[in-house]
Each structure stands twice: as structure tokens, then as C-alpha cells.
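Scroll down for the structure; my scribbles are underneath it.
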Amino acid sequence: MRPCLLIVMSFGIFTSSWAADVPSTLQWSQRVELSMPVSGVVRAVHANAGERVKKGQVLLTLDAAAYQAGVAESQAELVRHKEEEQDAKRNLDRVQELYNRTVISTSELEQAQTRLVRAKAGLNEAQARLARTQKTLGDATLRAPFDALVIALTVEPGQTVASQFQPQTLFVLARANEMIARAKVSLAQVEKMKVGDAVTVQVNQQSYSGKIKALGLEPVGEKNDAGYLLDVLFAVKETMRAGTPAVVKLP
């Protein structure tokens, strides 16, 4: 009986050293600062601070008249190069037929072939130019990269946005529907965890199921209070704020 008692006691000691309620602080799971890759005058701002936005939702549009004109010009140029390429191909077919009948010289055939090669190169350049102008036109609209909360914005309609030098941050977004509870744990605790482990996060007496997203590899904090960072990712439906105190309940 005595050996069995010792086993139970040692198991009890192990469990109590592992289970714990660890104070933590809520952080955004992802936070991004958005700017415009092109310059222009802001035509409209479509979201405000504190709003939820969906992935792909328009946040801001620039006056894109100049970019639209660039696309139209590129499209017209592409049509012209297509016609030149078709004409060069028809001419080569005609010259090839004459050459096969030994009516014209080899140099004339080579000239026709060169003309077609140049026409195809011009067509490829026109297609690339159209793709660039279309991309620039698309860049005149700023969209949300994921479902997000608008944390802040620093832009108003009529404002000029310049992207040539250091792009200005226009919107700050944080990923919606998930948060991170960041805690500091001891070396003994962190060595018993692994990324993906299930844990519970408690915020304002409400419990949420979470998973360990990251475990620190270096101690942080003062020597007498050093520990390893623990990040727990959990899903939320309501809006929460970064900096809110929480508790990570370790199993």
C-alpha cells in the first residue's frame, strides 16, 4: 500500500505545478498599416475608425481620371499593335508563297519574317503596358486585406496622397474575430507546452477556447521576474480591445 500512496502523491505534486491561472493581456492577432502605392487626390473615404469591414471592402478611392485615361490609351495602343501583327503575318504568308514559287529572293523573305518578329514584340510590349496601367488603376482603390476592425485612419477627402517617397499610413487595421492573449510563464511551464496545445482564455468572466500560437525562446523581463512569452490565439464574436486584462488557464 505504501508504494501506491507514494505514486499518487507524486502525481498530485506534478499536476499542481502544471495547472495554473496566468495573468495575460489581449493583443491583436494581426495589425497592419495600409498606405497607397500610387499618388493622387482622395476622392472618398468609405470607412471610419471603430467600424468592422469585410475582406475586399473598399476603404478609400483616389481621383482616378488620369489612371483611367492611361488604361484607355494602352487599350488603343494594344489594338493598333494587334492589327500590325496580323498585317505582318498576312504579308509573310504572301511572301512565303512567292518565295516558294521562286518569284522573290531570300532577302525579301527574311525582311517579311523580321517584320513579323518586330510586330509580335510590339504586341507583347503593348500587352505588358496595358497590364501595368490596369494595375495602377486598381491601386487607386484601397481595399481591406481581411475581415478587420478599423483602428485608426489619418486621411480625409480632398487630401493629396504622395507615394513617391515614404508612403503615408492612411488606415490601421486589426484582424477581426480573433485575439491573442499574451502571458509570461516560467521555464518549467513553457517546457511542458507546445504550439497547438489547447488552453482556455478567460476575459471578463467569459471563457474562450484557444490554442497556443507561439512560445518564447528567450526570457523577457527583469532578472527577478523573468519569464517566457506565451501567445494564445482564440476566436471572438464581439469587439474586444487590445490591452484588456485576461487570464490564461493552463491545463
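The values are calculated or read from the model by the stated rules, or taken from the named source; none is laboratory data. Everything quoted here is computed from the prediction, not taken from an experiment. Quick reminder, even Gly has a Cβ in these numbers, built from the backbone with ideal geometry, and neighbours come from all protein chains shown. Accessible surface areas use protein heavy atoms only, side chains included; no ligands, DNA or RNA. Shrake-Rupley method; radii C 1.70, N 1.55, O 1.52, S 1.80 Å.
A few comments on the model shown:
- Annotation: of all residues in region 176-193 being polar (S, T, N, Q) and in a loop (DSSP other than H, G, I, E, B), the one that is least open to solvent (accessible area, probe 1.4 Å) is SER186.
- Failed criterion for LEU250 (all others in (1) touching a Gly at 6+ places or on another chain (Cβ under 7 Å); (2) crowded, with 16+ Cβ neighbours inside 10 Å hold): (1)
- In the condition set (1) out of contact with any helix residue (DSSP H, G or I) (no Cβ under 7 Å at 6 or more places or on another chain); (2) charged (D, E, K, R); (3) touching a residue at least 12 places away in the same chain (Cβ under 8 Å), GLU238 is compliant with all but (3).
- Filter result for ARG90 (assigned to a helix (DSSP H, G or I), of a type in the set (D, E, K, R) and touching a residue at least 12 places away in the same chain (Cβ under 8 Å)): no
- Hits in region 226-241 - residues which are of a type in the set (A, V, I, L, M, F, W, C), part of a strand (DSSP E or B) and open to solvent by less than 20 Å² (accessible area, probe 1.4 Å): LEU230, VAL232, PHE234
Yes or no, residue by residue, for (1) at positive phi; (2) out of contact with any His (no Cβ under 8 Å at 6 or more places or on another chain); (3) among the acidic types (Asp, Glu):
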{"residue": "LEU60", "(1), (2), (3)": "no, no, no"}
{"residue": "ALA65", "(1), (2), (3)": "no, yes, no"}
{"residue": "ALA72", "(1), (2), (3)": "no, yes, no"}
{"residue": "VAL79", "(1), (2), (3)": "no, yes, no"}
{"residue": "LYS89", "(1), (2), (3)": "no, yes, no"}
{"residue": "VAL95", "(1), (2), (3)": "no, yes, no"}
{"residue": "THR102", "(1), (2), (3)": "yes, yes, no"}
{"residue": "SER107", "(1), (2), (3)": "no, yes, no"}
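- Within region 102-133, the set of residues being open to solvent by 90 Å² or more (accessible area, probe 1.4 Å) and part of a helix (DSSP H, G or I) comprises GLU110, GLN111, ARG115, VAL117, ARG118, LYS120, ASN124, GLU125, ARG132.
- Exactly one residue out of GLY196, GLY210 is at pLDDT 95 or above, surrounded by fewer than 18 Cβ atoms within 10 Å (Cβ to Cβ) and either in a loop (DSSP other than H, G, I, E, B) or not hydrophobic (A, V, I, L, M, F, W, C) (or both), and it is GLY196.
- Qualifying residue in region 152-163 (condition: more than 30 Å from LYS54 (Cα to Cα), in contact (Cβ under 8 Å) with a residue 12 or more places away in the chain, open to solvent by 40 Å² or more (accessible area, probe 1.4 Å) and charged (D, E, K, R)): no
- SER24 falls short on exactly one of the conditions (1) within 30 Å of LEU187 (Cα to Cα); (2) of a type in the set (S, T, N, Q); (3) open to solvent by 30 Å² or more (accessible area, probe 1.4 Å); (4) modelled with pLDDT of 95 or more, and that condition is (3).
Conditions tested, residue by residue: (1) free of Cβ contacts under 8 Å to residues at least 40 places away in the same chain; (2) of a type outside the set (Gly, Ala, Ser).
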residue: ASN48; (1), (2): no, yes
residue: GLN75; (1), (2): no, yes
residue: GLU108; (1), (2): yes, yes
residue: GLY138; (1), (2): yes, no
residue: LEU142; (1), (2): no, yes
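- Number of residues in region 139-153 that are within 11 Å of VAL58 (Cα to Cα) and out of contact with any helix residue (DSSP H, G or I) (no Cβ under 8 Å at 6 or more places or on another chain): the value is 5.
- Taking region 39-76 as the range and being out of contact with any helix residue (DSSP H, G or I) (no Cβ under 7 Å at 6 or more places or on another chain) and in a helix (DSSP H, G or I) as the test, the residues that pass are ALA65, ALA66, ALA69, ALA72, GLU73, ALA76.
- So ALA174, is it in contact with a Ser or Thr (Cβ under 6 Å, 6 or more places away or on another chain), hydrophobic (A, V, I, L, M, F, W, C), within 29 Å of GLY227 (Cβ to Cβ) and touching a residue at least 24 places away in the same chain (Cβ under 8 Å): no
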